[in-house]
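To start, the structure under review is shown below, and the notes come after it.
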Amino acid sequence: MDAAEFRRRGREMVDYVADYLENIEQRPVYPDLEPGYLRPLIPAEAPLEPETFEDIMRDVERVIMPGVTHWQSPYFYAYFPAASSFPAMLADMLSGAIGCIGFSWAASPACTELETVMMDWLGRMLQLPECFIAETHGHGGGVIQGTASEATLMALLAARCKAIRRVQASSPETPEAEIFSKLVAYTSEQAHSSVERAALIGGVMMRKVPTDNSYAVRGDMLKKMLEEDKSAGLIPFYFCATLGTTPSCAFDRLTELGPICNEENVWMHVDAAYAGSAFICPEFRPLLNGIEFANSFNFNPHKWLLVNFDCSAMWVKNRADIIGAFKVEPLYLKHENQESGLVTDYRHWQIPLGRRFRSLKMWFVFRMYGLNGLQSHIRKEPTRQWFLPGCVPGTSTWSFNQMI
Ligand SMILES: *Cc1c(COP(=O)(O)O)cnc(C)c1O
């Protein structure tokens, strides 16, 4: 495909996408198929000779579309909403064109710098405390992770490293393996499964904190468990609070939990994966109170803020905690100006090395909607927040609105 054909096919594809989304409600939202439907519809091996674009597009309708669950359909009420907007799609196209792999500042300065600034913009929309904003004094700052699961895991791993260093500093003779075996992480019994998974991947114990009759974790419940575990010789090091739990949209009591975590040297991570977008509206912002006590905070603009998957926004109060935990510097990734204070190398903030230019999606969406447009999206779209597949309309949104 040369540039001339790309121009033509690109226009056709944009038309196809616009037609698809304009008429999506005419398609059955959930495919009526048996597992294994696809293999017989296409050849067993990749073609030897090139095929035409027309052939492929015919097969999109013949093979792919009948097997798509149409998440963007107005009849889709499963799981959670997946944000989508035309500006985000166009930005993703540009990101594909630039095709950079922005793992360090030098690997594509705009990719890194726009991300830092977009995370500040979004942080200010949420009225995050200044300590999470990169511009202010450069200790905190934001990063785009692929998913909330990765953010939770990154926070747990950084906390684990910090805890090990802290214990080693006070008792240098204790072997690392012994400290490791005593570390305990905590989360609500109502937390998302990804939190438990983070502990499994991180190889640490995790205890589930019981909740009150609104399904929220309260300070006294966590405090009691911390005391029990400390007197059993264990080392509490991480608590993942949830704002907007998956089963019932409960909000853990950050203002009670935060001071306890800070006092006990327990890293508090806050997972607000789907509810977090609402905090851009002043009337919902009180639900984020207590965030000033958190070490890290995450929510998914790709759920409810018009930025297509994948875009999970994570902030840390002290970037050294996260960078210090994962810094490995092979010779082939060294660059002369990497040690200057202005240079962020996002590869130290995440698990993979490579990363896409995802902040373009945020930039296009934030500019084309404006904060007012985004706020009115939140105010008019809460009815799409059904959470459990097959749940009765009204449950999770209903509880969300009851909280406010
Ligand atoms: C959706 C959700 C997650 C998981 O999100 P991913 O980005 O898919 O990892 C975690 N926690 C909560 C509260 C969620 O709503």
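Legend: Rg and Dmax of the chain, from Cα coordinates, 23.0, 72 Å. Packing around the peptides 271-284, 82-95, taken as the average count of other Cβ atoms within 10 Å per residue, puts them in this order, highest first: 271-284, 82-95.
Mean residue ellipticity at 222 nm, helices only, the chain: -13000 deg cm²/dmol; runs of at least 4 DSSP H residues each add -39,500 (n - 2.57), and the sum is divided by the number of residues.
Charge tally around Phe364: other residues with Cβ under 13 Å, Lys/Arg +1 each, Asp/Glu -1 each, net +2. Remark: spin-label model distance Ser170-Asp59 equals 6.2 nm, labels positioned 7 Å along the Cα→Cβ axis.
Would you calculate the volume per residue, in Å³, of the smallest convex hull containing every Cα atom of the stretch 270-354?
On the way: hull volume 10.8 nm³, N = 85.
So the per-residue hull volume is 127 Å³.
Where does each of 231-243, 52-64 land if you order them by average Cβ count within 10 Å, highest first?
Averaged packing, sorted descending, gives the order 231-243, 52-64.
Among 106-115, 11-20, how do they line up from the highest to the lowest mean number of other beta-carbon atoms within 10 Å? If you can, show how the numbers build up before the last one.
On the way: 106-115: 18.8, 11-20: 12.3.
With the highest mean Cβ count within 10 Å placed first, the list reads 106-115, 11-20.
For the residues Met268, Met206, Met314, a GNM of the chain with alpha-carbon springs under 10 Å puts the largest fluctuation on Met206.
Can you pick out the pairs among Lys162/Lys208; Lys317/Lys361; Lys334/Lys361; Lys162/Lys327; Lys303/Lys380; Lys230/Lys327 whose Cα atoms lie more than 20 Å from each other? Violating the 20 Å limit, Cα to Cα: Lys162/Lys208; Lys317/Lys361; Lys334/Lys361; Lys230/Lys327. Label separation (Ser193 vs Glu329): 4.1 nm, computed from points 7 Å beyond Cα along the C-beta direction. Taking 22 Å as R0, compute the FRET efficiency from the Cβ-Cβ separation of Thr136 and Lys208 and round it to 0.05. Efficiency for this residue pair is about 0.05. Cα-based radius of gyration for the stretch 108-221, normalised by 2.2 N^0.38 Å, reads 1.31.
What number comes out for the charge environment of Ala155, summing +1 per Lys or Arg and -1 per Asp or Glu over other residues with Cβ under 10 Å away? Show your work: numbers first, answer last.
On the way: positive: Arg160; negative: Glu150, Asp271, Asp321.
Computed value for this residue: -2.
Compared with the direct C-alpha span, the chain from Leu48 to Phe180 gains 42.2 nm at full extension, assuming 0.36 nm per residue. Other residues whose C-beta falls under 13 angstrom from the C-beta of Arg9 contribute a net charge of -3, scoring Lys and Arg +1 and Asp and Glu -1.
Here, each number is a calculation from the coordinates, and none is a lab measurement. The model shown is predicted, which means the values in this text are computed figures rather than measured ones. All Cβ positions, even for glycine, are placed from backbone atoms using ideal geometry, and neighbour counts span all protein chains on display.
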